[in-house]
Amino acid sequence: MGLVYMLKRYVRTVLLVSYLCVLSGFGSQSLETVERNSQPVKGQMPSYTSTPAHQTAVQVTEIPGAEMCPCNAQCTVLPPACMKCKTNYSCVYGKQVAFDCEVNPGVQCTDEKKRNQTRFTLNMTCQFCWQLPPSEYVCTNSTNCMTVSCPLKRYNATCTVLDNVHCIGNRVFPKMLPCNWTGGYKWSTALALSITLGGFGADRFYLGQWREGLGKLFSFGGLGIWTLIDVLLIGVGYVGPADGSLYI
């Protein structure tokens, strides 16, 4: 009787252990399956849920110089950067000539009757950009050349045509210009110092000529002779700033 009871307990224990093993194996298998399904397959790109690109954003192409072009303005008054014209280099210099022009993509303009158009005729003077008057272009300045010299010195400048001016050829061109820059020295101030304090070299110190200023200071203006000569030289503009610039 006792043997049968022990055998039943042993069978129940085996069945309980087997049941627990089945449960633990199922759970681990479920976790492994979830982890395996959540990991991307090697060689396959992961998929993401997103909306098509053409529905979320529109690609905008920026046109160089488009910010300079007024919207719905008259085509003939647009800056040269807003249009392309078929120029004729065989025109007569100084004469009025008509060129066929077309606005750049993205530029909107109208005619005299406020009608949209892309092709129009532009009337302008036949001349190259480097032949324009100085008031219609800007050039770089040089601070290395001497303005007080004989003969007058010149320097190589880079000039750019103004935005509202039409011409033929390159709108950026080199040009030889006379040295005419200024360093901020006033002729009236230099002359006043030469007359009042010239004996102490104040005029030469003001113009940046410190060696001559020291010479006048320790010689008391060359006993007055040097002072009188400097008054005449500064008065006629022969003596100028040491950096070679012009007076204001």
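The values are calculated or read from the model by the stated rules, or taken from the named source; none is laboratory data. In this text the structure is predicted, and so the values were computed from the model without any measurement. Backbone-built Cβ (ideal geometry, glycine too); neighbour counts: all protein chains shown. The protein model used for the area step is the full one, side chains on, heavy atoms only, and it has no ligands, DNA or RNA in it. Shrake-Rupley method; radii C 1.70, N 1.55, O 1.52, S 1.80 Å.
One residue is enough: does the range 137-158 have a residue meeting the conditions at positive phi, without any contact (Cβ under 8 Å) to a residue 60 or more places away in the chain and open to solvent by 60 Å² or more (accessible area, probe 1.4 Å)? Lay out the reasoning, then the answer.
Taking the range 137-158 and keeping what is at positive phi, we get none.
So far as the range 137-158 goes, no, none of its residues is at positive phi, without any contact (Cβ under 8 Å) to a residue 60 or more places away in the chain and open to solvent by 60 Å² or more (accessible area, probe 1.4 Å).
Only residues that are at negative phi and assigned to a helix (DSSP H, G or I) were counted across the range 213-225, and they come to 7. Residues of the range 103-127 that are farther than 23 Å from Asn88 by Cα and touching a helix residue (DSSP H, G or I) at 6+ places or on another chain (Cβ under 8 Å): Gly106, Val107, Cys109, Thr110, Asp111. Within the range 190-222, track down each residue that is surrounded by fewer than 17 Cβ atoms within 10 Å (Cβ to Cβ), in contact (Cβ under 8 Å) with a residue 12 or more places away in the chain, among the small types (Gly, Ala, Ser) and over 23 Å from Asn144 (Cβ atoms). Of everything in the range 190-222, just one residue is surrounded by fewer than 17 Cβ atoms within 10 Å (Cβ to Cβ), in contact (Cβ under 8 Å) with a residue 12 or more places away in the chain, among the small types (Gly, Ala, Ser) and over 23 Å from Asn144 (Cβ atoms), namely Gly215. Close contacts from the range 226-244, counting a first residue that is at positive phi and a second that is open to solvent by less than 30 Å² (accessible area, probe 1.4 Å), with Cβ to Cβ under 7 Å and a gap of 6+ residues or different chains, come to Gly244/Cys145; Gly244/Thr147.
Checking the range 170-189 against the condition returns a match, with at least one residue being open to solvent by 100 Å² or more (accessible area, probe 1.4 Å), of a type outside the set (A, V, I, L, M, F, W, C), more than 23 Å from the chain's Cα centre (by Cα) and within 30 Å of Leu207 (Cβ to Cβ).
Of the set (1) within 25 Å of Tyr247 (Cα to Cα); (2) surrounded by 16 or more Cβ atoms within 10 Å (Cβ to Cβ), all apply to Thr76 but (1). Number of residues in the range 114-130 that are more than 24 Å from Thr158 (Cβ to Cβ) and of a type in the set (Ser, Thr, Tyr): the value is 2.
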